[in-house]
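Below is one structure, written out as structure tokens; comments come after it.
The values are calculated or read from the model by the stated rules, or taken from the named source; none is laboratory data. Note that the coordinates shown come from a computational prediction; the quantities given were computed from them, not determined experimentally. Because the Cβ atoms are built from the backbone with ideal geometry, glycine has one as well, and the counts that use them run over all protein chains shown.
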Amino acid sequence: MANTQAAEKENMDDSGMVAMDELVALCKRRGFIFPASEIYGGINGFWDFGPLGVQLKNNLRDRWWRDMVVCPPIGPDGEPLQIVGVDTAIIQNPKVWEASGHVAGFNDPMVDCKETKLRYRQDHLIAIIDERNDQIFAFYAEALEEKSALKKLKKMAGTDDLSKLKSVPFTKIAPADYAKVVGPDTEKKGTLTEPKQFNLMFKTYVGATATEDDKAYLRPETAQGIFLNYKNVVDNMRVRVPFGIAQVGKAFRNEVTPRNFIYRSREFEQMEMEWFCHPDEAKKWLDFWKEQRFNWWKSVGVMSGNLIFRQHDQDELSHYAKEGYGTVDIEYKFPFTAPGYGELEGIAHRCDFDLTAHQTHSKTKLEYFDDSVQPPRRFMPHVIEPASGLTRGVLVLLAEAYTADPSRPSKMYMKFKPSMAPVKAAVLPLVNKDGLPEIAQKLYYEMRTQFVTEYDTKGNIGKRYARHDEIGTPFCVTVDTDTPNDHAATIRFRDTMAQERVALDKISAFVQKALKE
Ligand code: GAP
């Protein structure tokens, strides 16, 4: 804890991570992310992307699409993999979600507080057992970092020495003991109800009559739209197993407790790819995709020390992953999980669960006929699924980029990899006279056709650099009083603040080169 004070000063915690409230404030101040419906008081679990945020999100999405669909990885046999894209409807026939298991199985256990009317996810709570006073406290694990929670614990346990208390997952507390439980936001015992299963799908009605028969669901994952089009793709495109279908798009989950900014929201975007292969090759492809996806996150600028693999335990596997080789998550050290990690992407072996379920429910044959072998064979492909959160990925890029630097006016800068940065370059005329704006504009007109460039004349040059540090612009190009004579401008590098004089006609190529890295 020795450097806590220094760390606080720099808005970073001991592990070098930015404090979440600081990141949320920056995102609002600089136009990355705003609370949805803010002028009406907001709406829990929904966020809007501002001008900088949408640019950052699009960069991450476009990179994923490029590396999955436009230019997929080279496979183990040295040939490029085959992956095609789709963009399917958010609302599908409700029978889809019966077949997929989501109507019966996409549930979270929740407990309600009768006193405060607040609702909690049972599996996210931990129980602190105070045996001496025969009471149990329920808390969100992260809330225990907060002073108010510790104060409540000390007061109710009647001691400052919390080492006597024992903690276990709240799911281990038997309903018979709920009478002893003090809920997270009350000091009364016995106010929490027994856990009830809560289905996470948003319901809506299709058509004007809005009867129960017209009920439909907003998709809770983009994956099912892919399985629904598997036959169309096999029949109409020139693909052969093994191949993949990729999709990026919105998914909706009525999360019991949306938390931690855009980490767990009720509307979010996913980037999912379903890889269809022969059952005997599933293990090989699971290992292949694990490695590919881990390296991909590094390629967009995430430090490998902040990423880990975590194999799912048998009791947390999704309904579709039970029979196969399970699911491995790529986890990131988020500011609110550090020094621990939280899920960023799941790589699941879904077996033939979905295709078989849709074949049974829709009565449409979905088996694959392979005549490339002798004798030809028919089989139901198995599926390996790398499924990542685009929205969550944006949070990773933001957290990863935030870099404290007390030596500069902004006290920090966003160290995005140049290819991910929302704005790649800014053209700044030093003063608004002496022909400088004309030269700067000409340069700007040339650069903006190639990459996102801002033309910025507002405030003194120091203020302009500070703003571009805060939004993570890697290159600031200053047109100064020497420019009319030497036909060159100064490029200031965001990370080092070093400056280099570059000829005007070489500046675009200079930036382009950096964007390729
Ligand atoms: N098709 C498989 C599937 O949907 P998942 O693990 O439930 O698997 C995949 O979701 C990814 O989607 C997660 O790793 C996470 O990045 C993102 N995700 C899931 N729920 C989310 C939420 N409520 N808010 C933001 N991102 C979420």
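Across the range 206-217, not a single residue is classified as assigned by TED's automatic domain parsing to the domain that holds Gly342, within 11 Å of the ligand (Cβ to nearest atom), touching a Phe, Trp or Tyr at 6+ places or on another chain (Cβ under 7 Å) and not hydrophobic (A, V, I, L, M, F, W, C). Apart from one condition, Met303 fits all of (1) more than 11 Å from the ligand (Cβ to nearest atom); (2) farther than 24 Å from Phe379 by Cβ; (3) crowded, with 21+ Cβ neighbours inside 10 Å; the exception is (3). Looking at the range 164-223, the strands (runs of 3 or more DSSP E) lying wholly inside it that each contain 1 or more residues that are farther than 16 Å from Asp108 by Cβ and within 34 Å of the chain's Cα centre (by Cα) sit at 166-169, 203-205, 215-217. Please tell me if Val96 is part of a strand (DSSP E or B) and assigned by TED's automatic domain parsing to the domain that holds Glu269. So Val96 does not fit the description; no. Within the range 474-497, residues that are basic (Lys, Arg) sit with their Cβ atoms under 8 Å from residues that are part of a loop (DSSP other than H, G, I, E, B), at 6+ positions apart or across chains, in these pairs: Arg492/Ala498; Arg494/Lys415; Arg494/Gly472; Arg494/Thr473; Arg494/Pro474. A Cβ distance below 6 Å, combined with a sequence gap of six or more or placement on separate chains, defines the contacts here; from the range 379-394, residues that are at negative phi and at pLDDT 95 or above reach residues that are near the ligand (Cβ under 6 Å from one of its atoms) and acidic (Asp, Glu) in the pairs Ala387/Glu272; Ser388/Glu345. Summed over the range 445-460, residues that are crowded, with 20+ Cβ neighbours inside 10 Å and in a loop (DSSP other than H, G, I, E, B) total 1. When residues in the range 155-173 are screened for being more than 13 Å from Ile129 (Cα to Cα) and surrounded by fewer than 13 Cβ atoms within 10 Å (Cβ to Cβ), 4 of them pass. Is there any pair with a first residue in the range 55-77 that is crowded, with 17+ Cβ neighbours inside 10 Å and a second that is part of a loop (DSSP other than H, G, I, E, B) and among the hydroxyl-bearing types (Ser, Thr, Tyr) whose Cβ atoms are under 8 Å apart and which are 6 or more apart or on different chains, and what are they? Taking only residues 6 or more apart or on different chains, the pairs are Asn59/Ser419; Arg63/Ser419. The one condition from (1) outside the structural domain of Pro220 (by TED's automatic domain parsing); (2) over 30 Å from Tyr445 (Cα atoms); (3) surrounded by 17 or more Cβ atoms within 10 Å (Cβ to Cβ); (4) not basic (Lys, Arg) that Asp405 does not meet is (3).
Annotation note: Cβ proximity below 7 Å between a residue of the range 253-268 that is closer than 20 Å to Gly105 by Cα and within 6 Å of the ligand (Cβ to nearest atom) and a residue that is of a type in the set (Asp, Glu) and in a loop (DSSP other than H, G, I, E, B) (sequence gap 6+ or interchain) occurs for Arg264/Glu255. Being surrounded by fewer than 20 Cβ atoms within 10 Å (Cβ to Cβ) and on the phi > 0 side of the Ramachandran plot narrows it down to one residue among Lys463, Lys411, Lys442, Lys415; which is it? Only one candidate qualifies: Lys411.
Considering the range 337-356, and only residues there that are touching a residue at least 60 places away in the same chain (Cβ under 8 Å) and among the acidic types (Asp, Glu), the residue that is nearest to Ser388 (Cα to Cα) turns out to be Asp354. Here's a check for you: in the range 227-252, which residue that is part of a loop (DSSP other than H, G, I, E, B) and out of contact with any Phe, Trp or Tyr (no Cβ under 8 Å at 6 or more places or on another chain) is surrounded by the most Cβ atoms within 10 Å (Cβ to Cβ)? Here the residue is Asn229.
Close contacts from the range 439-455, counting a first residue that is more than 21 Å from Lys516 (Cα to Cα) and a second that is surrounded by fewer than 15 Cβ atoms within 10 Å (Cβ to Cβ), with Cβ to Cβ under 7 Å and a gap of 6+ residues or different chains, come to Ile439/Pro484. On inspection, Glu142 fails the criterion of being modelled with pLDDT of 90 or more and part of a helix (DSSP H, G or I). Report yes if Gln292 is out of contact with any Pro (no Cβ under 9 Å at 6 or more places or on another chain), away from the ligand (no atom under 13 Å from the Cβ), of a type outside the set (Lys, Arg) and assigned by TED's automatic domain parsing to the domain that holds Trp65, otherwise no. So Gln292 fails the test. Within the range 82-111, being surrounded by fewer than 16 Cβ atoms within 10 Å (Cβ to Cβ) and among the charged types (D, E, K, R) holds for Asp87, Lys95, Glu98. Consider the range 347-384 and keep the residues that are within 14 Å of the ligand (Cβ to nearest atom) and of a type in the set (Val, Ile, Thr). The one that is farthest from the chain's Cα centre (by Cα) is Val383. Filtered by the rule that a residue be β-branched (Val, Ile, Thr) and either outside the structural domain of Trp289 (by TED's automatic domain parsing) or within 25 Å of the chain's Cα centre (by Cα) (or both), the range 237-262 gives Ile245, Val248, Val256, Thr257, Ile262.
Among the residues here, Glu274 does not qualify as more than 19 Å from Gln359 (Cβ to Cβ), within 10 Å of the ligand (Cβ to nearest atom) and modelled with pLDDT of 95 or more.
For the range 327-346, the set of residues classified as near the ligand (Cβ under 9 Å from one of its atoms) and aliphatic (A, V, I, L, M) consists of Ile330, Leu344, listed by residue number. Quick one: in the range 236-252, of everything that is closer than 29 Å to Met20 by Cα and among the hydrophobic types (A, V, I, L, M, F, W, C), which residue is nearest to the ligand (Cβ to nearest atom)? Within the range 236-252, the match that is nearest to the ligand (Cβ to nearest atom) is Ala251.
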